[in-house]
Amino acid sequence: FLPLFSACSAMATEISTADVVSGSIFVSIASYRDNQCQYTIADLFQKAKHPERVVVGVCFQVAPEDGDSFLLDLGEWSSQIRTYFIGNTEAMGPCYARALVQQHLFQDEDFYFQIDSHFRFAQDWDVTCLEQLSACKSEKPILTAYASSYTLPKDYKAGDPDRAVLATAKGMTVLCADSFGDQNKDDPFLRIKTRSCRTDFGHIPPPALFWTARFAFSRGSVVREVPYDPHLEYIFFGEEISMSARLWTYGWDLFNPTKVVAYHLGSRAHRHWFREVQTAPVHVDRERNAKFRICGMFGSTWPSGQVHAPPPEPFGLGRARSLLEYEHFTGVDFRRQVVHDRAKNGGVDPTLLPPQWAEEERDKMMKEQQLQDVASWAGKGNTEALRRQFPAASSGMAGGAVAAPPAPQRASPRASPETARARELTLVRIQALQARLHGATAADEAAGAAPEEAHLELCRAFCALGQVEAAAGDEKRAAEAFARALEHAKSAQEAAPTGREGDPSWHGAVAQAIAAVHMGARRYVEAKAALKEALPLAAKALAARCDEASEQLAHDVVECVHAAHEQTDDRKGLEVFVRGLQNVLNGLKRDAGDLAPAAVPLLTGADAAPLGTAGGVRAKLLERIALICVATGREKDHELVKKVFTDFRVARESPGLRRLLGMLQSSGTFLDL
């Protein structure tokens, strides 16, 4: 394969001081029924150091009912926003829309910046892009990346103040090859992915092997030299790898930016997807012909050995460099569909990348989350497209809609054997506790069997019964069991056992039990209120005496905090618990922490995947604390996660925590920059 820099000019691109000071930037956006586009435009101008030099060109593909896409007042920049409108039923995918932007809105500005319609930006993004481009070792450079990410709360509504939560990861990423084709063998095209890198290369952008449509910044001359092919109708996969090859063979060099410039929203839950209008056989035929067009470019004989003609100029490959040279440069054989290690590693030293197992585990977790939230990847109200594009995943749909989780059914005498057995065991425990409560004597209390403790145990037992009944679908019995649980909790709360009146571990255990009951009954507001009482008490118990019982209490409380907010998608609500988590760590550190902080382990491909799960209560407690602090999305809370690993040897050795650390590092967090 060609050395990393061999295909690039040794000299930096000729971007003059005048360009940096006064060069105009055209921003290309293709927006399909996306109410985030208005926020993207506003943030783009607000974060630019020189907004007066920025022009935005948007191809709006909208339906009559899409008024929520035009709620923000963008009048301040109206003279710098060019628009091209088509009805959503006329839309034919992102390639077609981007071609319309180039044909009708671009006016030979100095620089061309292509982005998606759901973006946020780093401050002074325009200057950063120009500085990074000028540092590229090429006369015709393109900065390209998948960008960082942002999320929106589930209760977000278009028109509200911007509520985007920006990712805190600072590590740079490199574009890498993934695999050819999808699980349905719907096309033969190479997928591209991004991997985190442990170095910033001294902020000299390293060559990229591939190009992404999501973020591409270059001189404006790229539009005239390598224009978008308007005949790639309905193409989604295939856009990026075809443009990668076209640009490179026309003599343009691709580079990975070393600084975070922008943030992308991965979820489609808030917007529609263009597949919803690809409903007629003629639409499917057009997409198939577009795929044949790309196949002809790569010499791919898909499907079944068919040979296809390449696109005519200027929509095919260039003549500055050959496709064979591009294959050698990237480490990809397009005809045989072989991906070599160079392509998988993005052309960088593999020791600079996190271990493959960590990325696979992170990807698996993200896919599981997507399957639980179909709209996040299929698009808003996009069930028919889901049927066409993902038949295996859509097998659970009924009546023209994605099937909701099955509604609870009333319990019947023929409940499952497992449920019947769980109910039986729980009732036996309740009966034993009730007998202990009603038969308690002074001798029992002297032996430690105080009635208040029986009340606490009965609270837990009735809570378990409520969960069994809820799982069986008998909501009435479940509600009765949860009500009984709260009665016993109140009794335990009113009078602590003798000698434990001021004991934080006792009162913390009662508060945690109450929170668990409310969670079982899906009363999350009440559960979170109880946990706000329980966590400080658990921290005080650890500070007073760091033993197995106090660690178990802290674990139970922290686990409830994590579950209550995960089940309600309430990341913001986690923030009020961070101080309590800090106190829990302080209590643990006094007894079990390292004398001197150690470095956070940096996992590489040489590190094998951890086997087993987190061992012991302490490791599980530390893992829950780390998960909560990651979930808040606040950078200062990530510093607390670092302390988990620097201050506790068990965290650095625990399989569960090492697995979590690997996934964090694979997403660009905790890198040695």
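The values are calculated or read from the model by the stated rules, or taken from the named source; none is laboratory data. Just so we're clear, the structure is a prediction, and the values are computed from it rather than from any experiment. Cβ coordinates were reconstructed from backbone atoms using ideal geometry, including for glycine residues, and neighbour counts include every protein chain displayed. Accessible surface is based on the protein model in full, side chains and every heavy atom, while ligands, DNA and RNA are left aside. Shrake-Rupley method; radii C 1.70, N 1.55, O 1.52, S 1.80 Å.
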Selection from segment 326-355 of residues that are out of contact with any His (no Cβ under 8 Å at 6 or more places or on another chain) and among the hydrophobic types (A, V, I, L, M, F, W, C)
329, 334, 338, 339, 343, 348, 352, 353
Residues of segment 542-586 being without any contact (Cβ under 8 Å) to a residue 40 or more places away in the chain and among the small types (Gly, Ala, Ser), which ones?
none
Only one of (1) under 22 Å from residue 223 (Cβ atoms); (2) modelled with pLDDT of 95 or more; (3) of a type outside the set (Phe, Trp, Tyr); (4) not in a helix (DSSP H, G or I) is not met by residue 72, so which one is it?
(1)
Do we have any residue at all in segment 28-47 that's over 30 Å from residue 350 (Cα atoms), open to solvent by 30 Å² or more (accessible area, probe 1.4 Å), under 30 Å from the mean Cα position of the chain (by Cα) and modelled with pLDDT of 95 or more?
yes
Return the total of residues in segment 302-357 being basic (Lys, Arg) and farther than 29 Å from residue 287 by Cα.
1
Test residue 291 against the stated conditions and say whether it is in contact with a strand residue (DSSP E or B) (Cβ under 8 Å, 6 or more places away or on another chain), surrounded by 18 or more Cβ atoms within 10 Å (Cβ to Cβ) and over 30 Å from residue 668 (Cβ atoms).
yes
Check on residue 202, part of a helix (DSSP H, G or I), closer than 24 Å to residue 603 by Cα and modelled with pLDDT under 95:
yes
Out of 167, 177, 158, which single residue is in contact (Cβ under 8 Å) with a residue 12 or more places away in the chain, of a type in the set (A, V, I, L, M, F, W, C) and open to solvent by less than 10 Å² (accessible area, probe 1.4 Å)?
177
Identify, please: which residue in segment 112-141 is assigned to a strand (DSSP E or B) and not aliphatic (A, V, I, L, M) and is, among those, nearest to residue 207 (Cα to Cα)?
141
Residues located in segment 518-539, provided they are in a helix (DSSP H, G or I) and surrounded by 21 or more Cβ atoms within 10 Å (Cβ to Cβ)
518, 519, 520, 527, 528, 530, 531, 534, 535, 537, 538, 539
Does residue 249 satisfy being crowded, with 18+ Cβ neighbours inside 10 Å, in contact with a Lys or Arg (Cβ under 8 Å, 6 or more places away or on another chain) and at pLDDT 95 or above?
yes
Taking the options 496, 515, 485, 509, name whichever one is part of a loop (DSSP other than H, G, I, E, B), open to solvent by less than 30 Å² (accessible area, probe 1.4 Å) and either among the small types (Gly, Ala, Ser) or modelled with pLDDT of 95 or more (or both).
496
List the number of the failed condition for residue 69; all other conditions in (1) within 16 Å of residue 262 (Cα to Cα); (2) open to solvent by less than 10 Å² (accessible area, probe 1.4 Å) hold.
(1)
For segment 103-122, how many residues are under 29 Å from residue 272 (Cα atoms) and either out of contact with any helix residue (DSSP H, G or I) (no Cβ under 9 Å at 6 or more places or on another chain) or surrounded by fewer than 21 Cβ atoms within 10 Å (Cβ to Cβ) (or both)?
5
Close pairs from segment 20-46: first in a helix (DSSP H, G or I), partner of a type in the set (Lys, Arg) and open to solvent by 10 Å² or more (accessible area, probe 1.4 Å), Cβ under 9 Å, at least 6 apart:
22/53; 37/271
Enumerated helices (runs of 4 or more DSSP H) restricted to segment 554-673, each holding at least 3 residues that are open to solvent by less than 20 Å² (accessible area, probe 1.4 Å)
578-592, 616-631, 635-647, 655-666
Condition check: β-branched (Val, Ile, Thr) and over 25 Å from residue 199 (Cα atoms). Does residue 338 satisfy that?
yes
Is it fair to say residue 276 is among the acidic types (Asp, Glu) and either in contact (Cβ under 8 Å) with a residue 60 or more places away in the chain or within 30 Å of residue 41 (Cβ to Cβ) (or both)?
yes
